[in-house]
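Engineer: Here it is, the structure in full.
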Amino acid sequence: MGKTQGYYTIALLQDHPGAEYPQGTGRSALTLLSDGNFRLAGLLADGMTITSSGFLVAADEAPFFIQLTTPGAITKEGSLMGTFNLIPQVPPLNAEVRSHDMRWFRPDVRAKPVGAKLLAYKAGWPQGIDLTAAGAIYNPALTVSASLGTSPTGTWLGFTRGKLSGPVDVRNFTIEGNKITKLPATDKSFTLTVTPSTGMMTGTFTPDWTQPNRVLPTFQGVLIQGGLLQGGHGYFMSNRLYDLDPESGRVMLTR
């Protein structure tokens, strides 16, 4: 096997349009050890936590199956399954990871009590939906700006779907090395934090929907240093006031 051991950051995307499915991008990280064992951890685009472990099989394939507990479901009726394919590269190119056979199942919990907690996508997708994944090995020694491959002022943060009326772009900031500077520094309309050691990113932004909540919606994402999806990718959940059906939207940090 030509495996490249190390820590990979991965974006999880689905191509099903429509408000009944999450339109954001899930984030995950895969750690491949020298003995061929791997560990997987992350978040799906509805906020569901995923964790798994396993080992590589022939052709650098990492198959996995994860049972998921959906709020309102009595048992672990949801699941995520698929295979990650590790693609070694010759330096200076990054080793990549991809998947084209992932399947995500979420139960229908409309007839089940979920308590006071808001629950997105109550109808679920019991028949499953397809996901694709793309990522690359992550080098924590690279700065955030080097990972994005951009100049300090050549970066923007974008938000789409998730009940937004249209795309929301944030451009009034710079990234130089690992330092993110707002312009002006007193701007409270958004926050952005990237952890260089893991490539994970978090923050808040000001949406354009009606009946905004006093608390800004938060987002989660991951920074990918090479391959098909170089840049930051993630999701946010809408939090309109009095809205009982939140939706997932997409986040991008790119040049």
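The values are calculated or read from the model by the stated rules, or taken from the named source; none is laboratory data. The shown structure was predicted, so the numbers you read here are calculated from the model rather than taken from an experiment. Cβ atoms come from the backbone with ideal geometry, glycine included; neighbour counts cover every protein chain shown. We work out accessible area using only protein heavy atoms, side chains counted, and drop any ligands, DNA or RNA first. Shrake-Rupley method; radii C 1.70, N 1.55, O 1.52, S 1.80 Å.
Engineer: Among 157, 229, 244, which is in contact (Cβ under 8 Å) with a residue 12 or more places away in the chain, closer than 23 Å to residue 96 by Cα and in contact with a Leu (Cβ under 9 Å, 6 or more places away or on another chain)? Working first, answer last.
Structural biologist: On the way: 157 fails: closer than 23 Å to residue 96 by Cα; 244 fails: closer than 23 Å to residue 96 by Cα.
Of the residues listed, the single one that is in contact (Cβ under 8 Å) with a residue 12 or more places away in the chain, closer than 23 Å to residue 96 by Cα and in contact with a Leu (Cβ under 9 Å, 6 or more places away or on another chain) is 229.
Engineer: Provide a single number: the residues in region 194-213 that are closer than 20 Å to residue 11 by Cβ, of a type in the set (Ser, Thr, Tyr) and not in a strand (DSSP E or B).
Structural biologist: The number of residues fulfilling the criteria is 2.
Engineer: Take the residues in region 3-16 that are open to solvent by 20 Å² or more (accessible area, probe 1.4 Å) and within 26 Å of residue 59 (Cβ to Cβ); name whichever of them is modelled with the lowest pLDDT.
Structural biologist: First, the residues of region 3-16 that are open to solvent by 20 Å² or more (accessible area, probe 1.4 Å): 3-7, 13-16.
In the following step, the residues that additionally are within 26 Å of residue 59 (Cβ to Cβ) were identified as 3-7, 13-15.
Values: 3: 64, 4: 80, 5: 86, 6: 91, 7: 95, 13: 95, 14: 90, 15: 86.
Filtering first and then ranking leaves 3.
Engineer: Okay, next question. Please indicate, with yes or no, whether at least one residue in region 173-181 is in contact (Cβ under 8 Å) with a residue 40 or more places away in the chain and either small (Gly, Ala, Ser) or surrounded by 14 or more Cβ atoms within 10 Å (Cβ to Cβ) (or both).
Structural biologist: Keep residues of region 173-181 that are in contact (Cβ under 8 Å) with a residue 40 or more places away in the chain, which gives none.
The answer is no, given that none of the residues of region 173-181 is in contact (Cβ under 8 Å) with a residue 40 or more places away in the chain and either small (Gly, Ala, Ser) or surrounded by 14 or more Cβ atoms within 10 Å (Cβ to Cβ) (or both).
Engineer: Let me ask you something else. Would you check which residues across region 51-60 are of a type outside the set (A, V, I, L, M, F, W, C) and open to solvent by 70 Å² or more (accessible area, probe 1.4 Å) and list them?
Structural biologist: Going residue by residue through region 51-60, those that are of a type outside the set (A, V, I, L, M, F, W, C) are 51-54, 60.
Once the filter is applied, which keeps residues that are of a type outside the set (A, V, I, L, M, F, W, C) and open to solvent by 70 Å² or more (accessible area, probe 1.4 Å), region 51-60 yields 51, 53.
Engineer: Name the residue, out of 45, 41, 19, that is among the aliphatic types (A, V, I, L, M), open to solvent by 10 Å² or more (accessible area, probe 1.4 Å) and in a loop (DSSP other than H, G, I, E, B). If you could, list the steps in order and put the result at the bottom.
Structural biologist: Values: 45 fails: open to solvent by 10 Å² or more (accessible area, probe 1.4 Å); 41 fails: in a loop (DSSP other than H, G, I, E, B).
Just one listed residue meets the conditions, 19.
Engineer: Return the residue satisfying two criteria in turn: it lies in region 195-213 and is within 14 Å of the chain's Cα centre (by Cα) and over 20 Å from residue 160 (Cα atoms), and of such residues it is surrounded by the fewest Cβ atoms within 10 Å (Cβ to Cβ). Step through it out loud before you land on a result.
Structural biologist: To start, the set of residues in region 195-213 that are within 14 Å of the chain's Cα centre (by Cα) comprises 198-203.
Within this subset, residues satisfying the condition of being over 20 Å from residue 160 (Cα atoms) are 198-199.
On the way: 198: 14, 199: 27.
Among those residues, the one meeting the criterion is 198.
Per-residue answers, yes or no, for (1) of a type in the set (Phe, Trp, Tyr); (2) part of a loop (DSSP other than H, G, I, E, B); (3) open to solvent by less than 30 Å² (accessible area, probe 1.4 Å):
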position	(1), (2), (3)
189	no, yes, no
192	no, no, yes
215	no, yes, no
219	yes, no, yes
222	no, no, yes
228	no, no, no
244	no, yes, no
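Engineer: How about region 240-255: which of its residues are of a type outside the set (Phe, Trp, Tyr) and more than 18 Å from residue 157 (Cβ to Cβ)?
Structural biologist: At the first step, the residues of region 240-255 found to be of a type outside the set (Phe, Trp, Tyr) are 240-241, 243-255.
Matches in region 240-255: 240, 241, 243, 244, 245, 246, 247.
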